[in-house]
Amino acid sequence: QVQLVESGGGLVQAGGALRLSCAASERTLSSYAVGWFRQNPGKERDFVAAISGDSRNGYYAALGKGRFTISRDNAENTVYLQLNSLEPANTAVYYCPAQSGTAGSSSPYEYDYWGQGTQVTVSS
């Protein structure tokens, strides 16, 4: 069982930046691909980014390309999502799930473990 805890969310003005963190209880986090998804009430979870266990491959949804960067520090059992040039449309709860195996996926159904999420609110 992998426990994941997201942090770093908050209220920011449009154009601002946040760095989200996803701390994992798993000591061998390199065995897991980790993704970031976002969700608003009544809507489905949208893929934001994912990173393979060895950090060699990163994947981004169109909504964040050029503005968001996913990275990981396996020694610290932590995955990060840097959010730059934020827009009000980026407001959501952001989740970081982990996937057994190392590939990473844009489908939420491919992930085995989920954190509780962190709220990001971007004001105009």
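Observations on the model:
- Carbon + sulfur, % of accessible area of region 77-124 - ligands and nucleic acids excluded, 1.4 Å: 45
- Lys, Arg +1 and Asp, Glu -1 on Cβ, resulting dipole of the chain about Cα centre, debye, nearest 20: 240
- Remark: the chain carries 50 Å² of accessible area per residue (probe radius 1.4 Å; ligands, DNA and RNA excluded).
- Were the residues from GLN13 through GLU76 laid out at 0.36 nm apart, the gain over their Cα-Cα distance would be 19.7 nm.
- Hypothetical label at ALA62: residues of region 30-56 whose amide nitrogen lies under 19 Å (7 Å Cα-Cβ projection): 37-39, 44-50
- Across the alpha-carbon set of the chain, the Rg to Rh ratio works out to 0.94, Rh being the Kirkwood radius.
- For ASN84, the shell of other residues with beta-carbons less than 10 Å away shows a net charge of +2, using +1 for Lys and Arg and -1 for Asp and Glu.
- List VAL5, VAL122, ordered by accessible area with a 1.4 Å probe, largest first: VAL5, VAL122
- Label-reachable residues, region 17-45, where backbone N falls under 16 Å from a point 7 Å from ASP54's Cα toward its Cβ: 29-34
- Stretch gain in nm, segment GLU44-GLN1, where the contour uses 0.36 nm per residue and the Cα spacing is subtracted: 13.0 nm
- Given charges at Cβ of Lys, Arg, Asp, Glu: the chain dipole, positive-most of GLY64, GLN119, VAL48: GLY64
The values are calculated or read from the model by the stated rules, or taken from the named source; none is laboratory data. Being a predicted model, the structure only gives us computed values, none of them experimental. Note: ideal-geometry Cβ built from the backbone for every residue, glycine included; neighbour counts use all protein chains shown. We work out accessible area using only protein heavy atoms, side chains counted, and drop any ligands, DNA or RNA first. Shrake-Rupley method; radii C 1.70, N 1.55, O 1.52, S 1.80 Å.
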